[in-house]
Amino acid sequence: MLSSNPRRLVNPNFAAGVPSVHQQTLNRRLECRLRLVFLGGVPLPTFPAAQPIGALGTLIAKLRSSFPASLTATTLQQLGIAPKNERYLLNVIRFLGFIDESGGKKEPAVQAFFAGTDAEFQRLFGETLLSSYAGLFELHAADTWSLSKGELVTFFRGVDRSSDLVGSRQADTFIRLAEIAGKREAASSTDQRPSAARPTKAISTSSTRRPKSSSSGTPQKNLQPPTTPQPAGLSQVALTVRIEINLPTTADQAVHDSIFRSIRENLMP
């Protein structure tokens, strides 16, 4: 028999205004299904996947200096952040609860961006990550901050049934956010961490070693390596040229074909 008291028909956490972790996960999945319907059948993952990942830190830093009343793709275009990839960054900011569906600033979530010190910002930003990634922290607890990229990919792909590429971007996004929150050691790149360069020893040619004296007291001859004569006016200089090409993020094969065709015609003999 159903109770006449409506409060007994709901989760007690909701009665206090605090949804459970399980309910938060269900809510996010329901939100994704609704977006799937209203966006013409384009599936959206539960967890965001920012690209390019370097632009995420740039956007967070910009929002700390000035958080606009409305954050939209037009705003990012005016700021010159992540051209043609604005929606990926907006999905991250929306996922963290800082803006609503129309891009409007949400209070009091954005109070973290008005913190007076870096330590206070990192504390509030970290609390936001704890709430937004509740399912991940429920599974791994305090070890979540130090999970490897492979472990994160496994979790995100298991929840979203996403591809390896999307799961990798989701993991990169969490790692970058954790770095911003001061929970992980920051690196110049999420995928490749720079290795410490070994110092090179300078070789001095102005001095030569003194010849060792033999046990009999007879000085040894100072042996010098043979030198190769160089033409007048030329010095021993080695020149290395490395060309890096940043390919645009696009699914248009014609764009890539035109880039490599230009390389072949202009750079290759």
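Some points to look at:
- For segment 150-155, backbone phi angles converted through the Karplus equation (6.51, -1.76, 1.60; θ = phi - 60°) give residue-by-residue couplings of x, 5, 5, 4, 4, 5 Hz, Gly and Pro being listed as x.
- Here's the list of aspartates and glutamates a cross-link from Lys149 could span, going by alpha-carbon distance under 20 Å and ignoring same-chain residues fewer than 8 apart: Glu138, Asp160, Asp164, Asp172, Glu179, Glu185, Asp191.
- Under Karplus coefficients 6.51, -1.76 and 1.60, residue-wise ³J(HN,Hα) of segment 70-80 in Hz, glycine/proline x: 9, 10, 10, 4, 4, 4, 5, 5, 5, 7, x
- Using θ = phi - 60° in the Karplus curve 6.51 cos²θ - 1.76 cosθ + 1.60, the 3J(HN,Hα) couplings for segment 172-178 round to 4, 5, 5, 4, 5, 5, 5 Hz; x is entered for Gly and Pro.
- This ranking places Thr173, Thr128 by how few other beta-carbon atoms lie within 10 Å of each, fewest first, which gives Thr128, Thr173.
- Under a 5 Å amide H cut-off, with hydrogens placed 1.01 Å from N, Gly104 pairs with Leu71 among residues at least 5 apart or on other chains.
- Once Rg and the Kirkwood radius are both taken over the C-alpha atoms of segment 45-180, their ratio Rg/Rh works out to 0.95.
- Convex hull volume of the C-alpha atoms in segment 60-115, normalised per residue: 71 Å³.
Readers should treat all values here as calculations from the given coordinates under stated rules, not as data from a laboratory. Predicted model, so just to flag it, every value in this text is computed and none were measured. Ideal geometry is used to build each Cβ from the backbone, glycine not excepted, and the neighbour counts take in all protein chains shown.
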